[in-house]
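Read through the structure below, which is laid out as C-alpha cells, and then see the notes.
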Amino acid sequence: MGISLIWAIMYREMCSYTVTVASRASSTLTFIVSGSPRSQSDALAAYDYLAKHHAALLAQKLAHYASIINRARIKIPDQRLQDVYNWTRINMLRSQSNKVNANGRIAHEIAADAAVANPGNTQETAQSPKH
C-alpha cells in the first residue's frame, strides 16, 4: 500500500466528528497535524509533543507577536486597519528574517527600506557566565 493510500485511510477513520453546541454557546476544537520527511515514528513523536504542549506553544507565539506589535507602536482609530498594520509588521519581520537567516533566527534591526542591519542572535536572551 502506498503512503498516500495509508494516509487516506487513516484520515477517513480519524476525521469524523459530531459536535453539539447549545444555542448561544461556543465550543473549541483543536486539530493537530504533524508529519516528518524521515519516518512515521518522527511524525508520531511530533504529534505527541504538539498534543501535549499546544496550549503553551500558542501562548508563546501570541506573546511573541504581541512583543513585535508593542515595539514602536502606533495607534490607528480604525481597529481593522490597526489589525492589518500589525500583521503587516509581523509578516515583514518574518519575511526579512527568513531572507537574511533562513534558519528561524529573528532579525533585530530592519530599516524602513527593509535593509537588515542586525540579523539577530542565536539566542534571544543574553547569557552571562556563572561565577
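The values are calculated or read from the model by the stated rules, or taken from the named source; none is laboratory data. All values reported here derive from a predicted model rather than from experimental measurement. With ideal geometry, Cβ positions are generated from the backbone for all residues, glycine too; neighbour counts draw on all protein chains shown. For accessibility, only protein heavy atoms count, side chains too; no ligands or nucleic acids. Shrake-Rupley method; radii C 1.70, N 1.55, O 1.52, S 1.80 Å.
Just so you know, in the stretch 28-44 the residues that are over 26 Å from THR18 (Cβ atoms) and hydroxyl-bearing (Ser, Thr, Tyr) include one that is most open to solvent (accessible area, probe 1.4 Å), and it is SER41. Does TYR47 meet the test of being over 14 Å from the mean Cα position of the chain (by Cα), surrounded by 12 or more Cβ atoms within 10 Å (Cβ to Cβ) and of a type outside the set (D, E, K, R)? The answer is yes for TYR47.
Out of everything in the stretch 63-79 that is of a type outside the set (D, E, K, R) and open to solvent by 100 Å² or more (accessible area, probe 1.4 Å), what residue ends up being nearest to ARG89 (Cα to Cα)? Outline the logic, then answer.
Start the filter on the stretch 63-79 by keeping residues that are of a type outside the set (D, E, K, R), which leaves 63-70, 72, 74, 76-77, 79.
Narrowing the set further to residues that are open to solvent by 100 Å² or more (accessible area, probe 1.4 Å) leaves 77, 79.
Numbers: PRO77: 17, GLN79: 15 Å.
The qualifying residue nearest to ARG89 (Cα to Cα) is GLN79.
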